[in-house]
Amino acid sequence: MLPHAAAVKVAHPLMLRAIAAAKKKNDRIDAAKIADCLRCDFLPEAYMVPAAIRQRRRTLRYRKLLIRQNVQLKNKIAQMLMESGVSYNKQKLHQQGYFHQVLPTNREIDPSLWPLLKLSREMIEHTHKTEQALLRSLERDPLLIDRVKRLMTIPAVGPVMALTWVLELGDIHRFRSIKQVISYCGLCSAEKSSAGHSLRMPISKQRNKHLQTVLIEAAHISLRHHPEMVELYDRERTRGNCNQAILAVARKMAGYLLAIDRGERAFVRREKQSVAA
């Protein structure tokens, strides 16, 4: 639409529905209300990521699709072996050496099952190579390399976490506070307040699901590498359950990522100073 218009504005559908809700609804009435909102400067615009970031984000999300397909194929291999009553090592089943060297010596495997097993394994190996190639291309991208390297200085933040943060958030300066980032990532619950009473609801579905998933995974990994995160987890675990504690760690991770990305500096861990009596 850009070549045919002076400016293109994209409205937020959820906010627009709250403004322009009506009993009678058709295309002509909707167009009139949108025009009225635009004329009065009430149009709730949605943030549009630049085209260069959208193209790279499409690549990252396609990589996620390949990983999901790999998991389905691995589950299918295990399912076929269990249906046939074949005994195997669950921890080593999907290792390349075990599948090609140890598993063929198993006499319990029916010969008619081997073509399906080999086909599934070949698809897994091919998909894995493609996924790794996509990830390497994004890591070396000149548009992303500086931000990604800074974010990877944070403990437990790898290339996937850093790339997801950069490509899903876009311009970091559009967020005024950490609360907006936490809400965008889906790490807080919905709230209903009335007459001085506040009620916390379950985790809201209005979030960026890609960032939410990766941040929660990074929170689990950070418990192995970051003593401060372990202390936070233990403290929150005593107040609630393990899921609430993991969400608290994920929010802390989001705070670190926001500070490093906005400050454009590497992460430096501060050592606790012991106070002499």
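The values are calculated or read from the model by the stated rules, or taken from the named source; none is laboratory data. Quick caveat: nothing in here was measured; it's all calculated off a predicted structure. Glycine also receives a Cβ, built like all others from the backbone with ideal geometry; neighbour counts cover every protein chain displayed. These accessible areas exclude ligands, DNA and RNA; they are computed on the full protein's heavy atoms, side chains included. Shrake-Rupley method; radii C 1.70, N 1.55, O 1.52, S 1.80 Å.
Any idea which of (1) within 24 Å of Ala51 (Cα to Cα); (2) free of Cβ contacts under 8 Å to residues at least 40 places away in the same chain; (3) part of a loop (DSSP other than H, G, I, E, B); (4) not hydrophobic (A, V, I, L, M, F, W, C) is the one Asp141 doesn't satisfy?
The number of the failed condition is (2).
Would the stretch 225-246 turn up any residue that is closer than 23 Å to Ala52 by Cβ and of a type in the set (D, E, K, R)?
From the stretch 225-246, those closer than 23 Å to Ala52 by Cβ are none; that's our starting set.
No, the conditions are met nowhere in the stretch 225-246.
Helices (runs of 4 or more DSSP H) wholly in the stretch 1-120 with at least 3 residues that are at pLDDT 85 or above and out of contact with any helix residue (DSSP H, G or I) (no Cβ under 8 Å at 6 or more places or on another chain) - which ones?
27-39, 51-83
Considering only residues that are open to solvent by 60 Å² or more (accessible area, probe 1.4 Å) and touching a helix residue (DSSP H, G or I) at 6+ places or on another chain (Cβ under 9 Å), which ones fall in the stretch 181-199?
Tyr184
Considering every residue within the stretch 159-178, establish whether at least one is closer than 22 Å to Arg136 by Cβ, open to solvent by 80 Å² or more (accessible area, probe 1.4 Å) and among the charged types (D, E, K, R).
No, the stretch 159-178 contains no residue that is closer than 22 Å to Arg136 by Cβ, open to solvent by 80 Å² or more (accessible area, probe 1.4 Å) and among the charged types (D, E, K, R).
So, in the stretch 234-274, how many residues would count as being touching a residue at least 12 places away in the same chain (Cβ under 8 Å), in a helix (DSSP H, G or I) and open to solvent by less than 50 Å² (accessible area, probe 1.4 Å)?
Of the residues in the stretch 234-274, 15 are touching a residue at least 12 places away in the same chain (Cβ under 8 Å), in a helix (DSSP H, G or I) and open to solvent by less than 50 Å² (accessible area, probe 1.4 Å).
Within the stretch 200-214, restricting attention to residues that are more than 8 Å from the chain's Cα centre (by Cα) and of a type outside the set (D, E, K, R), which residue is least open to solvent (accessible area, probe 1.4 Å)? Even if it seems obvious, please write down each step before you answer.
So the first thing to find is which residues in the stretch 200-214 are more than 8 Å from the chain's Cα centre (by Cα), and the list is 200-207.
From the residues that got through so far, the ones that are of a type outside the set (D, E, K, R) too are 201-204, 206.
Values: Met201: 64, Pro202: 99, Ile203: 65, Ser204: 34, Gln206: 130 Å².
Across the stretch 200-214, the extreme among qualifying residues is Ser204.
Would you be able to tell me the number of residues in the stretch 218-227 that are modelled with pLDDT of 90 or more and either farther than 21 Å from Ile172 by Cβ or not in a helix (DSSP H, G or I) (or both)?
So the first thing to find is which residues in the stretch 218-227 are modelled with pLDDT of 90 or more, and the list is 218-223.
Now restrict to residues that are either farther than 21 Å from Ile172 by Cβ or not in a helix (DSSP H, G or I) (or both): 220-221, 223.
Of the residues in the stretch 218-227, 3 are modelled with pLDDT of 90 or more and either farther than 21 Å from Ile172 by Cβ or not in a helix (DSSP H, G or I) (or both).
Would you please name the residue that is nearest to Thr59 (Cα to Cα), looking only at residues in the stretch 139-156 that are open to solvent by less than 10 Å² (accessible area, probe 1.4 Å) and out of contact with any Pro (no Cβ under 8 Å at 6 or more places or on another chain)? Lay out the reasoning, then the answer.
If we filter the stretch 139-156 for residues that are open to solvent by less than 10 Å² (accessible area, probe 1.4 Å), which is where we start, we get 144, 148, 151, 154.
Cutting the leftovers down to out of contact with any Pro (no Cβ under 8 Å at 6 or more places or on another chain) gives us 144, 151, 154.
Working: Leu144: 13, Leu151: 20, Ile154: 24 Å.
For the stretch 139-156, the residue satisfying everything is Leu144.
Do we have Gly158 as at positive phi, modelled with pLDDT under 95 and not basic (Lys, Arg) here?
Working: at positive phi: no; modelled with pLDDT under 95: yes; not basic (Lys, Arg): yes.
When the stated conditions are applied, Gly158 does not pass them.
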